[in-house]
Amino acid sequence: MLRIVLPVIFTLAGSAALAQPVHGIAMHGEPALPADFKHLPYVNPDVTKGGKISYGVVGTFDSLNPFILKSMRTTARGMWDPEYGNLVFETLMLRSRDEPFTLYGLLAESVEWNDDRTFIQFNLNPAAKWSDGQPVTPEDVIFTLNLLKEKGRVPFSTRLNAVEKMEKVGDHGVRFTFNDKADREFPLILAGSTPILPKHATDPDTFDRSSLTPPIGSGPYKIKSLKPGESITFERDPNYWGKDIPAKVGLDNYDQISVQYFLQDTTLFEAFKKGDIDIYPDGSPGHWASAYSFPAATSGNVVKDTFEPKLPSGMFGFVFNTRRAVFANVKLREGLSLIFDFEWANKNLYSNAYIRTQSFWQNSDLSSFGVPADERELKLLGPIKDRIDPAILDGTYKLPVTDGSGRDRNVLKQAAALLKEAGYTIKNGKMSDASGRPLTFEIMTQNADQEKLAVSYQRSLQLLGIGATIRTVDDSQYQTRTNSFDYDVIVKSYTSSLSPGIEQLGRWSSGAKDREGTDNFAGVADPDVDTLIQHILMARSAEDFTAAVRSHDRMLLSGHYVLPLYHVDQEWVARSKRIGHPDTVPLYGYQLPTWWDQSVQ
């Protein structure tokens, strides 16, 4: 039996008074909203709550616990969900989607911290309650952090690594004092990305097992019904404690939310066409342009919306798993990256709808693309600058533009030269190493769109005698293999925010390379990359932060871990006419939890 030992609990009424309570905290600068704000700027505060919505997803589910490794990617959507909202579990503070990284009070009505961020104290809202009516207490917070450390998955299991001690403060406060492993972002991660669980209704002994037993949460919804792997339905908790707090006004607007599961996207879209699904986010320009001639769309019962967020591009591309010996050489990865003919694919597959991605933070001040490293950045880089491609360092690097023929000789010649530097030449029509072993690998895909992209790449690789096989697997197998890094090449999307931070550790740090379930899909383990991530996490000024992100961007690009593909600067969503949304589009794009059922207005 697991025994969770709580730390000694002190009452710090005197020392807590050293800091003044504030209503919100920001990574850099001050929160945009004043202490007396009434609602977030991108909601409809006068919305009439009620009605219902049905979402559709591709995949399956076998658990209601999103915080353990066993069900990391197979937990029912909505439990803890950046897209649909955290319907059941909540955090201490809520992140505004209209500021780079700012949090406002949720379970904690105020916080206290110092300029050096060596501690943070959360003052819980006395009105905060669990769905069974019990109050949310400091003991719940302390219990949660200890439980996640013992039985949670990354990153929840690592939260206490940066904490020297947790202490109860009075009746409603919890104070975290940090050790030297904490960075300046960590207090915000603790506040806005850590779930709080009920001590009285959580069994530590069974917590790490997948379960379909509806849990007790503090969120706005409870589970009404479920069919494992097929659907889950949430119903509004009429006694939800937080419906009137400023950060929650205009959110959580439906009486009922259902999530339907489908084996493939084509089936999901057919359900949307029939009206069984109310929302269809569309990521395909060809599909967006040509697939909406069905009766509900032509009659106006289905509406197409285009949103323009103010976000960096992110990175979508083929990821080389450097845990495989074949991808250990950076020149090989660079050569393989040049072989993909973006111009051909964009013209023939996507009607020239896409923009080539050149940076992980393209379209923002955080991007290194087209920007030479200044003195501040060079100082941050130090000797690491010698490992960065000079063209990337001076801002002149750009992926080659082909003639769109699918066999541009000049670009293929550049790629062959890089492969030769990596020890590969063409022998008997096959690209082979010095021992005569052919260069071959498998591209694992998870849907028809990825497979189409992989086939395009495969054609170009064949021109240089490189053998790439394509294996499209079902969702369950894909999740299992990506969790354990069992692949050569996969297609992945890395979202980028205007406040990158601790997620970079999970994606690129040495510590995440062999930790099952992390997002270090490329298997990066480089002390210099680790150093540059720390520069991001420890930056105190906006100028230092920008320089740190740019240097990290340059290092990732120079490593050629990802073959950059493309992006669009718009979001496309089709919806039932019955579903409405606010006119204001926040910094991070449309937010589904702010939408509503217009039939009840």
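Some notes on this structure:
- Answer from 360, 327, 307 - the residue that is more than 19 Å from residue 563 (Cα to Cα) and of a type in the set (Phe, Trp, Tyr): 307
- For region 267-300, the candidate set comprises residues that are modelled with pLDDT under 95 and out of contact with any strand residue (DSSP E or B) (no Cβ under 6 Å at 6 or more places or on another chain); within that set, the residue that is surrounded by the fewest Cβ atoms within 10 Å (Cβ to Cβ) is 290.
- Qualifying residue in region 431-447 (condition: among the aliphatic types (A, V, I, L, M), surrounded by 14 or more Cβ atoms within 10 Å (Cβ to Cβ) and within 31 Å of the chain's Cα centre (by Cα)): yes
- The set of residues in region 480-490 that are of a type in the set (A, V, I, L, M, F, W, C) and in a loop (DSSP other than H, G, I, E, B) contains only 485.
- Screening residue 320 with (1) aromatic (Phe, Trp, Tyr); (2) within 23 Å of the chain's Cα centre (by Cα); (3) closer than 30 Å to residue 97 by Cβ gives one miss only, at (3).
- Each residue in region 133-142 was checked for being hydrophobic (A, V, I, L, M, F, W, C), over 20 Å from residue 23 (Cα atoms) and assigned to a loop (DSSP other than H, G, I, E, B), and 0 of them qualify.
- Any hit, region 387-398, residues being among the polar types (S, T, N, Q), surrounded by fewer than 18 Cβ atoms within 10 Å (Cβ to Cβ), within 19 Å of residue 560 (Cα to Cα) and out of contact with any strand residue (DSSP E or B) (no Cβ under 8 Å at 6 or more places or on another chain): yes
- Filtered by the rule that a residue be polar (S, T, N, Q), without any contact (Cβ under 8 Å) to a residue 24 or more places away in the chain and assigned to a helix (DSSP H, G or I), region 427-479 gives 458, 462, 477.
- Boolean, residue 496 is within 29 Å of residue 460 (Cβ to Cβ) and at pLDDT below 95: yes
- Among the residues of region 252-286, those that are out of contact with any Ser or Thr (no Cβ under 6 Å at 6 or more places or on another chain) and closer than 19 Å to residue 593 by Cβ comprise 252, 253, 254, 255, 256, 257, 259, 279, 280, 281.
- Filter result (under 25 Å from residue 487 (Cβ atoms) and without any contact (Cβ under 8 Å) to a residue 60 or more places away in the chain) within region 325-376: 325, 328
- The set of residues in region 492-521 being part of a loop (DSSP other than H, G, I, E, B) and hydroxyl-bearing (Ser, Thr, Tyr) consists of 495, 496, 497, 499, 509, 518.
- When we screen 243, 304, 248, 331 for residues that are crowded, with 20+ Cβ neighbours inside 10 Å, at pLDDT 95 or above and over 16 Å from residue 56 (Cα atoms), the only hit is 248.
Results for (1) among the basic types (Lys, Arg); (2) assigned to a helix (DSSP H, G or I), shown as yes or no for each residue.
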{"position": "109", "(1), (2)": "no, no"}
{"position": "117", "(1), (2)": "yes, no"}
{"position": "131", "(1), (2)": "no, no"}
{"position": "144", "(1), (2)": "no, yes"}
{"position": "148", "(1), (2)": "no, yes"}
{"position": "161", "(1), (2)": "no, yes"}
{"position": "164", "(1), (2)": "no, no"}
{"position": "167", "(1), (2)": "no, no"}
{"position": "174", "(1), (2)": "no, no"}
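- Residue check, residue 122 in a helix (DSSP H, G or I), in contact (Cβ under 8 Å) with a residue 24 or more places away in the chain, over 23 Å from the mean Cα position of the chain (by Cα) and over 22 Å from residue 504 (Cβ atoms): no
The values are calculated or read from the model by the stated rules, or taken from the named source; none is laboratory data. What you see is a predicted model; the values in this text were computed from it and never measured. Positions of Cβ are backbone-derived with ideal geometry, glycine not excepted, and every protein chain shown enters the neighbour counts.
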